[in-house]
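A short worksheet on the structure shown next.
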Amino acid sequence: FSCSMHAMQADKEHHFDEFAGEKEHQFQGSGRNLIIRTYEDFMQNAIGGVVTRASKDLARWATEVPKDWHGCQTVELGSGCGLVSSALLRMGAHIVATDLAEILPHLEYNISLNAYSGCDEWHVQALNWDSSSDRAALRSKLGSSGADAIFAANCVYTRDTVGMFLKTLKALSGPDTLALMCGVPVPPAMLQDGETSIVDAFLSACPRFFDSYLLEVPGSLEDDEDEPRESKYSPLALQLARPHGLRVSALADGIWLFKLPGCPCPSWLRPLLVLESTFGTS
């Protein structure tokens, strides 16, 4: 089972024909002004062929933070159109963009739209999250310290993928790695009473692998008409969010940082919420 598929939460008024053709995305911040080009093709590449809101939020965050990405070895999981990787490449990072093997031609084309002539600081690679050999092969390429940063947008799309995703993050991480994620699907309307939402499954599993930090809540989540339904199926998220004045949707669609247990969060970050690791505790 290949796991680097994506979940997409498109606005209700969107139609599939909107997710087609070449588009431009502008990101500004920290003295940067980037224009990233993408080619979207839903009909040919399904969800992997479109740019999601979470991808835009994560690329914007990477552009705005006071972090010099030049020379950093970065990995993107479930890259799709490669928006985040392309933004990092334009900021001087060395990128490895990963996804399903069948998505790689689409991904490679998209990154080539943003690579400077003669730039060879990028490549695409198939990665099956459920394959220990795939994880080990990529880690070997990264070296003993792991990636400098890992990015993932809309990658956790079912409860079954939570463990695989977190194992992959851990396999590619070292003490100094910044593992960043944005976008966990909110509970769908068909969720049955008694079922655990994906966001609750995710929040329950994270402490077994990492110290987890909620860094930012996108402004578009301030007013959420679906909050009562999401809270009903996400009691853990509600329990964690309420003391901080946050909504369940903030935990689902916010930007998270994962650090190996005991490895400090960078001082230039100001987390909104912290989940400490339970790794090694009884």
## Note on the structure
Residue hits (the stretch 68-122; under 26 Å from K167 (Cβ atoms) and part of a loop (DSSP other than H, G, I, E, B)) are W69, C72, G78, S79, G80, C81, G82, A93, L100
### Query
Across the stretch 207-264, which residue is surrounded by the fewest Cβ atoms within 10 Å (Cβ to Cβ) among those that are of a type in the set (V, I, T) and at pLDDT below 95?
V217
## Note on the structure
Within the stretch 143-161, the count of residues that are buried (at least 20 other Cβ atoms within 10 Å of the Cβ) and assigned to a helix (DSSP H, G or I) comes to 1
#### Entry: In the stretch 170-206, residue modelled with the lowest pLDDT [restricted to those that are open to solvent by less than 20 Å² (accessible area, probe 1.4 Å) and hydroxyl-bearing (S, T, Y)]
S197
### Query
Out of L89, L77, which single residue is under 20 Å from L142 (Cβ atoms), in contact (Cβ under 8 Å) with a residue 60 or more places away in the chain and touching a Cys at 6+ places or on another chain (Cβ under 9 Å)?
L77
### Message
Looking only at the stretch 265-282, filter to residues that are at pLDDT below 95 and touching a helix residue (DSSP H, G or I) at 6+ places or on another chain (Cβ under 8 Å); which one of those is most open to solvent (accessible area, probe 1.4 Å)?
### Response
F279
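The values are calculated or read from the model by the stated rules, or taken from the named source; none is laboratory data. On a predicted model such as this, the values are computed, not experimentally measured, just so you know. Note that each Cβ is placed from the backbone with ideal geometry, even for glycine, and that neighbours are counted across all protein chains shown. Calculation scope for accessible area: heavy atoms of the full protein, side chains included, ligands and nucleic acids excluded. Shrake-Rupley method; radii C 1.70, N 1.55, O 1.52, S 1.80 Å.
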